[in-house]
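The values are calculated or read from the model by the stated rules, or taken from the named source; none is laboratory data. None of the values given here were measured: they were computed from a predicted structure. Quick reminder, even Gly has a Cβ in these numbers, built from the backbone with ideal geometry, and neighbours come from all protein chains shown.
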Amino acid sequence: MTVSRGWSVIALGVIGVLGIAGSEPGRLSRTVFAQDAPSPTQGLVRKGKVPVSDEILKITFPRPAEATLSNGLRLLVLEDRRLPQVSLQLLISGAGSYADPPEQPGLASFTASLLREGTTTRTSGQIAQQLEVLAATLNTSAGNSPDATLIASSLSDQAGKLIDLATDILLHPSFPEEEIARFKQRTRATLTQQRGNPGFLAAEMFSKAVYGSHPAARISPTVAAVDRLTREDVVQFYRNHYLPDRAVLAVAGDVSMFQARLAAESKLGGWTKPSVTTTIAVPEPAPVDAAKIFFIARPSSVQTNLIVGTPALERTSPDYDVLSVMNKIIGGGPTGRLFLHLREEKGYTYGASSSLDARQHRGDWSASTNVRTEVTEPALRDLLEEIREIREMPVTDQELADAKRSMVASFALSLESPLQVLNLSLTQWRYKLPANYWDRYAERVMAITKEQIQAAARKYLAPDQMQIVVVGDPDRALDPLKKLGPVESYDENGQRTAF
């Protein structure tokens with residue numbers, strides 16, 4: 001067996017030890033939906049010169065090799081020798097922001113960020129210097145999800161040193177007081193600047209509207225939480241949530257299972273969990289009880305940020321693929337209805353799109369755009385009209401065919417990247433999807449019908465659940481909203497106001 005140089009030192013040192021051989025009140029007015037809106041593809045000229053095939057893509061998804069280490073850590077390895085590069089992803093379930101104490105939003109994110117700021121044997125500066133010398137990347141994060149992640153990559157001949165550094169950061173963080181002080185100073189400044197961003201204000205309000213008190217509603221820490229942060233908080237969170245039997249290590253690139261397992265057992269075999277652990281049960285988000293309109297005032301703003309959306313589904317729902325295709329048709333890039341209508345036909349904006357966010361719990365669907373203040377009312381009406389139309393009228397044969405081909409083609413291209421394949425494998429592992437899930441992806445997508453698209457749109461894009469968030473100038477953008485229904489008004493700090 002050939003062993004790459006970066007892994008050889010680790011492998012030789014442990015072979016003998018392991019013995020391994022091988023949206024009335026709250027409802028939107030009916031006047032929201034204009035009945036005489038133009039066709040979303042008016043003016044679009046199709047050349048019809050792109051060669052297409054109706055044959056369904058047949059693939060065999062390249063499954064990674066799998067193993068479980070003695071401490072419960074799950075290992076996934078996707079060997080690909082085409083490039084001399086190795087990428088690592090360590091996902092730790094239960095260490096993400098969903099585990100934040102309600103009174104301390106951001107603790108998970110703070111902990112993950114501070115992992116890189118020093119270990120018992122390396123300072124923050126030494127870590128940064130070594131990564132530069134190795135021409136490697138290593139990042140730790142815990143976003144708005146149940147998981148914390150460590151992602152790293154390097155050339156394969158430096159992989160041994162990268163593994164050594166990564167495991168030191170993971171297992172021996174020292175959380176120095178001086179680094180915590182610097183981190184708090186930087187984070188306060190970032191959070192203060194963030195509140196001047198209308199896009200952030202819209203996203204923050206939309207998350208609260210859709211998720212209520214659920215952890216998914218908290219998309220950012222607060223300055224107050226930063227001020228309360230202590231080293232003891234970080235240390236305790238780390239001890240309670242960074243546990244090997246809740247983790248999966250995924251490795252892709254110029255490496256075999258044999259090499260990766262030797263390295264993992266050598267470097268992570270000593271990672272043990274405490275005798276008593278805390279399990280946090282994350283409930284489903286509470287149902288949204290009515291459609292609502294939220295306005296956030298930014299006096300003198302020259303543009304209006306719009307988000308319109310609704311609760312949707314979980315990642316494991318059988319409707320996921322159908323809603324994904326619907327989303328592609330209405331707002332999936334420059335060929336989506338929203339882009340063609342709001343930008344190409346009306347010139348309201350530089351761009352408009354939609355997205356589907358499906359998670360372990362019920363997620364959301366949303367459409368968003370930023371428009372000139374003077375066109376706030378017509379732009380919002382046209383956006384809502386697109387939602388009404390996809391609910392009430394079947395999509396065209398051409399739209400459906402184009403969306404499905406695009407999605408399948410993008411999927412096929414993603415299989416050229418070992419890292420993307422590994423990401424798909426992690427998705428399958430995280431959501432416990434069937435073993436042949438990705439093998440049958442193209443088949444499932446190509447089988448979706450216009451009737452299924454319309455049924456999904458009616459089910460998930462219900463007007464009585466629609467949440468509308470508008471950020472803009474109250475003197476010019478607020479009155480048009482009142483024509484649509486009751487409006488809740490807020491300032492830039494999220495406090496209720498009376499405009």
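Determine the pairs where a residue that is farther than 11 Å from residue 404 by Cβ, located within region 431-459, has a partner that is acidic (Asp, Glu) with Cβ atoms under 7 Å apart, the partner being 6 or more residues away or on another chain.
456/319
Report every pair of residues separated by at least 6 positions or lying on different chains whose Cβ atoms are under 8 Å apart, first residue within region 152-179 and under 16 Å from residue 111 (Cβ atoms) and polar (S, T, N, Q), second modelled with pLDDT of 95 or more and surrounded by fewer than 20 Cβ atoms within 10 Å (Cβ to Cβ).
So the pair list comes out as 174/120.
Failed condition for residue 451, given (1) surrounded by 17 or more Cβ atoms within 10 Å (Cβ to Cβ); (2) under 26 Å from residue 313 (Cβ atoms); (3) over 22 Å from the mean Cα position of the chain (by Cα), with all others met?
So residue 451 meets the others, but not (1).
Between a residue in region 308-327 that is closer than 21 Å to residue 468 by Cα and any residue that is of a type in the set (Asp, Glu), which pairs come within a Cβ distance under 8 Å, given they are 6 or more apart or on different chains?
Every condition considered, the pairs that remain are 309/364; 310/364; 311/364; 312/357; 312/364; 313/319.
Tell me yes or no: at least one residue of region 470-491 is surrounded by fewer than 20 Cβ atoms within 10 Å (Cβ to Cβ), polar (S, T, N, Q) and part of a loop (DSSP other than H, G, I, E, B).
No, every residue in region 470-491 fails to be surrounded by fewer than 20 Cβ atoms within 10 Å (Cβ to Cβ), polar (S, T, N, Q) and part of a loop (DSSP other than H, G, I, E, B).
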